[in-house]
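No lab work stands behind these numbers, since they all come straight from the coordinates. Quantities reported herein were computed from a predicted structural model and do not represent experimental measurements. Note that each Cβ is placed from the backbone with ideal geometry, even for glycine, and that neighbours are counted across all protein chains shown.
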Amino acid sequence: MRDNIWKSYNEKDILELNDLCEDYKKFISKCKTERECVKNTIKLVETQGFKSLESLINDNLDIKTGDKIYVNNMNKAIALFTIGEEDILNGMNILGAHIDSPRLDLKTNPIYEDTNFAYFDTHYYGGIKKYQWVTIPLALHGVVVKKDGNVIDIEIGENLTDPVVGITDLLPHLAKEQMKEEASKVIDGEKLDILIGSRPIKTNDKNAVKKFILEFLKNEYNILEDDFLSAEIEIVPAYGARDFGLDRSMIMAYGQDDKVCAYTSLMAFLDVAKCKKTTCCILVDKEEIGSLGATGMQSSFFEDVVREISMLLGHRDINALSRILKNSKMLSSDVNAAYDPLYSEVFEKNNSSYLNNGVVFSKYTGARGKNSSNDANAEYVAEIRKIMDDNKIKFQISELGKVDAGGGGTIAYILANKNVNVIDCGVGVLSMHAPYEVTSKADIYETYKCYKAFLNEAS
Ligand code: MN
Ligand code: MN
């Protein structure tokens, strides 16, 4: 184990670290869904001179060195570019993170009433331990799209004066049978239903409690029951990020996988104003369910955009895109499972990441014999090590858990499949995929510095 990096910080480091982490806490408290991340990112980058690719094309403008471009993909993924001094054919330096996190999604026919309670039925999204999601305050985030295209934004449960919703659990007194179940079955997927009301309308109608809720939704939001057919409402833990630990060395928040890397990637990208290489930051959706779909990393979106940009830079050669990708370097900005002494049995000490030991690289992930893993080239890892050491950035290289303990994937292999040099790189997390995850402020700081150094110096 390396030294705890807090020991190496001087006063200036601590000030910088705290500034970064205070801003991060605000970001992650406000941006709990992929849509919120994209919306707030656009708001932020437009104040910094970024123009949408669409607007450049519409205005028939050329692209040149120094231009700052963003491309919004269906409000759930975004790609950002700063055009460098070198020809884009020499490749780009890319940071890619995902902005979706495990949660509960409302079903398309969600509302029902049972025994004078109104409920929202859900289908969970991503890998969760279902028992963690009961009896905690939950908030609703998302959109309802009316047939005329009008989009109604929903956010209920974040203000302290807002109501929250939640899932009930059985009292221990009556849980004798439930407690015998294995953990994956203690809470059945179909029991993840959100209690949303108990008050009936005054008439003697059937389902009077559900009707009360429907009247509330109509009056407050102009939403009808059928409108849930075209809605995306995500149920997430209510409340924002908090300092964690009596020494405030850590942060507890929902969705740090992977918004802690999305945030540090975005900040590093924006803070590297001018670069030799074209730099790129992509924030994508759907990683937690396999990166599929139009807004996931497997979509052709990214390549389409890069092709379009290279065309506008004057490259009409059919091989331009493949040359750009072949010459590009990428950090797949994603979190790693940090060593937890309470669960030492699933970690192998020499190849684990540790909180407060700096940014984590994973040469490979995968499971059952590195299956489905991107395995970064040694030559590339060597280049990265040099950049880290030259810039005095504290880093560690680890696997995700011990051999055959399980495993996981990221978006790394997807760009690697397109012939890009990619390595996983991000922040170590405790209680990953739990409603509230824990990270170290020092690791967040090192990760931000790592991403900046990478954008500036990768060749
Ligand atoms: Mn992740
Ligand atoms: Mn994950």
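Could you give the alpha-carbon Rg of region 1-154 over 2.2 N^0.38 Å, rounded to two decimals?
1.43
Within 10 Å, count the other beta carbons around each residue, average over each peptide in 317-328, 443-454, 84-95, and list them highest first.
By packing density, highest mean first, the sequence is 443-454, 84-95, 317-328.
Take the Cβ-Cβ distance between Ala405 and Leu44 as r, set R0 to 45 Å, and report the resulting FRET efficiency rounded to the nearest 0.05.
0.70
Roughly how tilted is helix 34-46, in degrees to the nearest 10 and between 0 and 90, from the longest Cα axis of the chain?
For helix 34-46, the angle is close to 50 degrees.
Could you work out [θ]222 nm for the chain from helices alone, using -39500 (n - 2.57) per DSSP H run of at least four and dividing by all its residues? Round to the nearest 500 deg cm²/dmol.
Here the helix-only value at 222 nm equals -8500 deg cm²/dmol.
Strictly greater than 17 Å: what percent of every Cα pair in region 413-459 meets that?
53
Explain nothing, just the number: relative contact order of region 103-237, from Cα pairs under 8 Å at least 6 residues apart, as a whole percent.
Result for region 103-237 is 39 percent.
Would you please state the base-10 log of I(q)/I(0) at q = 0.08, 0.10, 0.14 1/Å for the chain, with intensities from the Debye formula using one equal scatterer on every alpha carbon?
-0.49, -0.76, -1.35
Name the residue from Thr108, Ala382, Ile57 whose Cα lies farthest towards the positive end of the charge dipole of the chain, charges +1 on Cβ of Lys and Arg and -1 on Cβ of Asp and Glu.
Checked the options; the winner is Ala382.
Could you compute how fast region 103-237 diffuses translationally, taking Rh as the Kirkwood radius over C-alpha pairs and applying Stokes-Einstein at 20 °C with viscosity 1.002 mPa s? Give it in µm² per second.
Using the Kirkwood radius from Cα pairs, D works out to 135 µm²/s.
What is the Cα centroid distance between region 120-139 and region 53-92, reported in whole angstrom?
Their Cα centres are 38 Å away from one another.
For region 343-459, taking Cα atoms only, what is the radius of gyration to one decimal and the Dmax to the nearest whole Å?
Both quantities, over Cα of region 343-459: 14.1, 40 Å.
With the contact rule set at Cα under 8 Å and sequence spacing of 6 or more, what percent relative contact order holds for region 352-459?
Relative CO of region 352-459 lands at 39 percent.
Restricting attention to region 1-99, which chymotrypsin sites (Phe, Trp or Tyr not before Pro) occupy a DSSP loop and are surrounded by at most 15 other Cβ atoms within 10 Å?
Tyr9
In debye to the nearest 20, how big a dipole does the chain give about its Cα centre with +1 on each Lys and Arg Cβ and -1 on each Asp and Glu Cβ?
Here the size comes out at about 440 debye.
Would you mind calculating the gained length between Glu11 and Asp205 on full extension (0.36 nm times residue separation, minus the Cα-Cα distance), in nm to one decimal?
63.2 nm
Find which of Ile324, Ser299, Pro137 sits farthest along the positive direction of the dipole of the chain, computed with +1 on the beta-carbon of Lys and Arg, -1 on that of Asp and Glu, about the Cα centre.
Working it through, the farthest residue towards the positive pole turns out to be Ile324.
Measure off 7 Å from each Cα along the Cα-to-Cβ vector at Tyr131 and Glu225, then give the distance between these two points in nanometres to one decimal.
Calculated label separation equals 3.6 nm.
Over the chain, what is the percentage of antiparallel beta bridges among all DSSP beta bridges, to the nearest 5?
70
Enter the angle in degrees (range 0 to 90, nearest 10) between the Cα long axis of helix 208-221 and the first principal axis of the Cα atoms of the chain, meaning the one along which they spread out most.
Once rounded, the angle reads 40 degrees.
Mind checking the alpha-carbon convex hull of region 273-329 and giving the volume per residue in Å³?
It comes to 109 Å³ per residue, whole-number rounded.
Output needed: percent of Cα pairs per 10 Å distance bin for region 13-98, bins running from 0 to the one holding the longest distance.
Histogram of Cα-Cα distances, whole percents per bin: 15, 38, 33, 13, 1.
Cα centroids of region 219-257 and region 308-351: how far apart, whole angstrom?
So the two Cα centres are separated by 28 Å.
What order, most packed first, do the peptides 175-185, 232-242, 420-430 have when packing is the mean number of other Cβ atoms within 10 Å of each residue?
In decreasing order of mean packing, 175-185, 232-242, 420-430 become 420-430, 232-242, 175-185.
Mind checking which aspartates and glutamates have their Cα closer than 14 Å to the Cα of Lys276? Skip sequence neighbours fewer than 8 apart in that chain.
Once the sequence-local aspartates and glutamates are set aside, what remains near Lys276 is Asp67, Glu85, Glu86, Asp87, Glu457.
Over the alpha-carbon set of region 265-373, divide Rg by the Kirkwood Rh and report the Rg/Rh ratio to two decimals.
Checking Rg against Rh, the ratio lands at 1.05.
What list of ³J(HN,Hα) couplings, whole Hz, do you get for region 269-286 from phi and the Karplus terms 6.51, -1.76, 1.60, once you set θ to phi - 60° and write x for glycine and proline?
Ordered by residue, 3J(HN,Hα) equals 4, 6, 7, 8, 5, 10, 9, 5, 7, 5, 10, 8, 10, 10, 10, 10, 9, 6 Hz.
Going by alpha carbons, how many degrees (0 to 90, nearest 10) lie between the helix axis of 11-30 and the longest principal axis of the chain?
Its long axis makes an angle of about 40 degrees.
Normalised by the number of residues in the chain, what is the relative contact order in percent for Cα pairs under 8 Å and 6+ residues apart?
22
At most 10 other Cβ atoms within 10 Å and a DSSP loop assignment: could you name the trypsin sites (Lys or Arg not before Pro) in region 328-410 that fit?
Arg368, Lys392
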